[in-house]
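Below is one structure, written out as structure tokens, with a few remarks after it.
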Amino acid sequence: MRFFVVCPGGLEVPLAQELAEIAGRPECKALGAWVIDPTPTSPTGGVGLAAPLSAAMALNLHSRIASRVLLQMTQAPYRQEEDLYKLASGLAWEEWFTSKQTLRVDVTAHRSPLKSLNFATLKIKDAIVDRLRDVTGDRPSIDTAFPDVRVQAHLTATQVAIYLDTSGEALFKRGWRDEKGDAPLKENLAAGILSFTAWKPGQTLFDPMCGSGTFLIEAAQIALSIPPGAIRAGMYGDDAKPSRLAYRPLITSAHGFGFQRLKPFNESAEQKRWVDLKEGALAQMLEKRKQFPGVDALQITGGDINEKLVSMFKGNWQRAQLPDQPVVRQIDALAAKPPGGVGEGVMLLNPPYGERLVIKGGRGQDRAANQDARYDDVDEPDNRFELNLETGRQSAKRSSRESLKKLQAQEEQDPKFVEFLRQFGQHLKDDFGGWNIFVLTADMALPGQLRIKESKRTPLFNGPLECRLFKFEMHAKRPT
């Protein structure tokens with residue numbers, strides 16, 4: 001089978017590395033041969049691979065960086081809308097889902113000659129509905145809000161690819177986040193960023209502006225080998241139910257992934273493989289608990305000036321099935337010191353928006369509201385590259401991006417925040433010698449504001465915002 005694993009733009013390289021690690025797991029090797037496509041040299045919004053059908057289960061369970069796992073049903077040339085109808089009506093949809101299940105179809109395009117994506121979507125939808133009606137005598141209902149089954153098609157200038165979405169809800173929704181905070185960073189983007197820092201479990205990791213704790217929770221789950229899909233897979237039973245922000249209404253933990261609503265995955269052989277995959281993951285989790293028996297052994301710590309966010313982080317940590325309470329303090333980032341007095345480590349932060357900086361920089365609430373909307377709306381793509389596979393709302397996307405850029409430009413002129421950054425840069429020089437500092441921001445002028453020269457900058461997309469992950473290597477002070 002052919003798959004396309006979607007990811008935020010800029011994370012294709014770490015995603016390809018992650019796919020190779022997943023394929024190398026013993027329980028995944030037992031599924032059959034995996035062949036991962038060459039790593040893209042430019043942003044493509046994902047990575048393709050050939051693997052057994054069962055690989056969809058492993059990818060949805062284990063991939064931290066993926067947004068969705070798409071199963072390719074066909075790819076063929078086309079010239080007009082009628083070609084799309086013929087191609088889609090020739091696929092045996094009745095073998096994948098029933099006419100009693102609800103359906104949603106999305107079509108996106110890149111340089112397609114067709115005049116209307118809406119009409120192309122209608123033709124593919126009609127083809128699927130007509131096929132099921134002819135074969136079963138009944139037709140499925142369309143539900144654009146809470147569908148049982150998602151079909152996606154992507155048009156290039158000459159080719160159309162049609163996919164079944166095996167993920168259902170976007171995979172960044174792990175199930176542990178119960179409150180969003182002011183600027184919720186999507187979990188899969190946080191995981192991808194961690195891979196760029198070269199942080200390893202057991203190494204000191206510190207986020208002085210941790211907010212609701214996304215970076216730190218992802219790192220702790222990596223250290224403990226907790227699959228990102230563990231809650232959605234029901235691996236904790238009744239001890240960990242999905243939070244109210246985990247999925248859309250009507251999606252239960254019993255059907256936490258899209259593949260669980262597709263016929264082939266409910267056959268006994270696939271059900272057995274699903275059990276084996278989860279048991280393999282549980283065994284590895286138990287081994288890692290021995291290596292990191294408590295929160296102190298993790299060396300993962302954080303701080304935030306906002307008491308509400310510190311409390312929110314603690315709740316998220318517990319829902320993520322992590323041990324004890326997180327090591328976190330309510331503290332101004334300008335007063336934060338290296339945890340445990342260690343002379344080296346990794347600092348990773350996403351400078352906050354909204355009320356977390358009202359104290360220090362006076363930033364308004366509009367950006368926070370925008371961030372919250374992006375986190376909730378799983379149909380809004382993570383980036384402009386994912387746009388080609390997940391939505392046809394290009395005009396809405398451009399409008400969203402332009403409005404966010406205006407907000408960004410307004411906020412960058414805030415002299416109080418500029419002064420805060422100058423002070424924070426000096427604080428890093430004075431107290432974090434020997435550390436590697438990583439900052440995700442949409443402000444391309446950040447190094448100048450910190451007055452520190454970056455050693456590396458990596459382009460990434462946080463929702464529609466084009467960002468940079470800046471790396472700063474803080475030199476240790478020479479003894480006097």
Select, from GLY202, GLY175, GLY181, GLY192, the only residue that is outside the structural domain of HIS62 (by TED's automatic domain parsing), modelled with pLDDT of 95 or more and not hydrophobic (A, V, I, L, M, F, W, C). GLY192
Residue ID - farthest from PHE215 (Cα to Cα), chosen from residues in segment 447-480 that are in the same structural domain as LEU348 (by TED's automatic domain parsing) and of a type in the set (Val, Ile, Thr): ILE452
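Can you say whether LYS173 is in a loop (DSSP other than H, G, I, E, B) and under 30 Å from LYS308 (Cβ atoms), as far as the supplied structure shows?
Values: in a loop (DSSP other than H, G, I, E, B): yes; under 30 Å from LYS308 (Cβ atoms): yes.
Yes: the conditions hold for LYS173.
Can you confirm whether segment 34-47 contains a residue that is of a type in the set (A, V, I, L, M), surrounded by fewer than 22 Cβ atoms within 10 Å (Cβ to Cβ) and over 26 Å from the mean Cα position of the chain (by Cα)?
Within segment 34-47, the first condition is being of a type in the set (A, V, I, L, M), and the residues that meet it are 35-36, 47.
If we keep only those that are surrounded by fewer than 22 Cβ atoms within 10 Å (Cβ to Cβ) too, we end up with 35-36.
Filter again for over 26 Å from the mean Cα position of the chain (by Cα), leaving none.
No; the residues of segment 34-47 include none that is of a type in the set (A, V, I, L, M), surrounded by fewer than 22 Cβ atoms within 10 Å (Cβ to Cβ) and over 26 Å from the mean Cα position of the chain (by Cα).
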Determine whether segment 33-54 contains at least one residue that is within 30 Å of GLY137 (Cα to Cα), among the acidic types (Asp, Glu) and out of contact with any His (no Cβ under 6 Å at 6 or more places or on another chain). no
Does segment 422-441 contain at least one residue that is at pLDDT below 95 and among the hydrophobic types (A, V, I, L, M, F, W, C)? no
Quick check, is ARG329 part of a helix (DSSP H, G or I) and either among the basic types (Lys, Arg) or within 21 Å of the chain's Cα centre (by Cα) (or both)? no
Taking segment 279-326 and keeping residues crowded, with 19+ Cβ neighbours inside 10 Å, more than 21 Å from the chain's Cα centre (by Cα) and assigned to a loop (DSSP other than H, G, I, E, B) leaves PHE292, GLN299, ILE305, ASN306, PRO326
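Filter segment 416-442 for residues that are closer than 21 Å to LEU194 by Cα and in contact (Cβ under 8 Å) with a residue 40 or more places away in the chain and give the result. Even if it seems obvious, please write down each step before you answer.
Step one: of segment 416-442, the residues closer than 21 Å to LEU194 by Cα are 428, 432-442.
Residues satisfying the conditions are LEU428, PHE432, GLY433, GLY434, TRP435, ASN436, ILE437, PHE438, VAL439, LEU440, THR441.
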Taking segment 458-480 as the region of interest, how many residues are of a type in the set (D, E, K, R) and surrounded by 13 or more Cβ atoms within 10 Å (Cβ to Cβ)? 4
Restricting to segment 1-33, and then to whatever is surrounded by 15 or more Cβ atoms within 10 Å (Cβ to Cβ) and of a type in the set (Lys, Arg), can you tell me which residue is nearest to GLN75 (Cα to Cα)? ARG2
When you scan segment 462-472, do you find a residue that is over 26 Å from GLY46 (Cβ atoms) and without any contact (Cβ under 8 Å) to a residue 40 or more places away in the chain, even just one? no
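Results for (1) in the same structural domain as PHE206 (by TED's automatic domain parsing); (2) among the polar types (S, T, N, Q); (3) touching a helix residue (DSSP H, G or I) at 6+ places or on another chain (Cβ under 7 Å), shown as yes or no for each residue.
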| site | (1), (2), (3) |
| --- | --- |
| ASN306 | yes, yes, yes |
| SER311 | yes, yes, no |
| GLY315 | yes, no, no |
| LEU322 | yes, no, yes |
| ARG329 | yes, no, no |
| ALA333 | yes, no, yes |
| PRO338 | yes, no, yes |
| GLY343 | yes, no, no |
| VAL346 | yes, no, yes |
Scan segment 255-275 and tell me whether some residue there is out of contact with any helix residue (DSSP H, G or I) (no Cβ under 8 Å at 6 or more places or on another chain), under 20 Å from ALA220 (Cα atoms) and of a type in the set (D, E, K, R). no
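The values are calculated or read from the model by the stated rules, or taken from the named source; none is laboratory data. Note that the structure is a prediction, hence the values are computed from the model and not measured. Neighbour counts run over all protein chains shown; Cβ positions are idealised from the backbone, glycine included.
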